[in-house]
Ligand SMILES: [Zn+2]
């Protein structure tokens with residue numbers, strides 16, 4: 001199964017101005033469907049933290065606030081709180097204050113509800129740092145779920161979309177390609193795509209093997 005899903009060839013390091021700080025539950029981290037850890041692997045300017053308990057959430061958030069303060073960086077907490085600012089609104093506020101300020105994109109790997117809960121526990125539900133997308137694509141690229149939640153996005157896709165808005169001049173194609181390769185391979189292994197439909201093809205080692213669809 002592992003070599004079928006291997007996307008090592010797509011892990012071409014991408015340099016971004018924005019630093020990604022990603023928080024992943026330790027039980028989600030090893031799952032094949034987890035895409036958050038791939039974001040941390042491909043983005044050079046990133047830091048992954050594993051969550052084991054509630055205390056870890058507090059430590060993570062306090063650490064973020066400290067880093068933001070010491071580096072004079074702005075935090076963009078992607079939690080899709082409907083009452084929060086859009087990324088574009090946060091960017092324009094930031095640009096008014098200091099256009100050269102560093103940015104930290106903070107992402108909780110999980111559902112939007114989980115992200116809002118984690119942020120809400122420490123920073124309050126309407127944290128000044130929380131940002132949302134102006135609208136969510138109802139037909140995401142990385143659609144890995146049999147019954148997708150409305151507005152649900154794979155973590156890697158959410159990060160890619162946020163970075164596209166936050167730094168439009170950075171080439172993020174490698175992130176998109178990684179996302180396509182991974183999601184297509186998972187779908188292929190599950191029998192939802194045939195071999196020739198898989199983005200970039202399937203790994204040589206996996207060729208000729210029967211997938212679920214036979
Ligand atoms: Zn590999």
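Averaged over all directions, how much area does the convex hull of the C-alpha atoms of segment 1-53 cover when projected, in nm²? Mind dumping the intermediate values first?
Values: hull surface 15.8 nm².
Value for segment 1-53: 3.9 nm².
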Checklist entry - Taking 0.36 nm per residue of separation and subtracting the Cα-Cα distance, what length does fully extending residue 29 through residue 86 add? => result 17.7 nm
Item to check | Residue-span extension gain [residue 113 to residue 139] - 0.36 nm each, minus C-alpha spacing | outcome: 7.4 nm
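Ratio of Rg to Rh for segment 28-107, alpha carbon only, Kirkwood?
0.99
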Item to check | Convex hull of segment 160-204 built on C-alpha atoms - directionally averaged projected area, nm² | outcome: 3.6 nm²
Checklist entry - Could you work out Rg/(2.2 N^0.38 Å) for segment 69-142, with Rg from alpha carbons only? => result 1.13
Item to check | the chain, relative contact order in percent, only Cα pairs under 8 angstrom and at least six apart counted | outcome: 26 percent
Checklist entry - Given a cut-off of 25 Å, what percent of all Cα-Cα pairs of segment 14-170 lie beyond it? => result 23 percent
Next on the checklist: Based on C-alpha coordinates, I'd like the Rg and Dmax of segment 103-150, in Å.
Outcome noted: 12.6, 35
Item to check | residue 169 versus residue 190: modelled label distance in nm, points set 7 Å from Cα along the beta carbon direction | outcome: 3.9 nm
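Laboratory data are not the source of any read-out in this text; all were calculated from the coordinates shown. Just so it is clear, the structure is predicted and the values come from calculations on it, not from any experiment. FYI the Cβ positions are ideal-geometry reconstructions off the backbone, even for glycines, and counts take in every protein chain you see.
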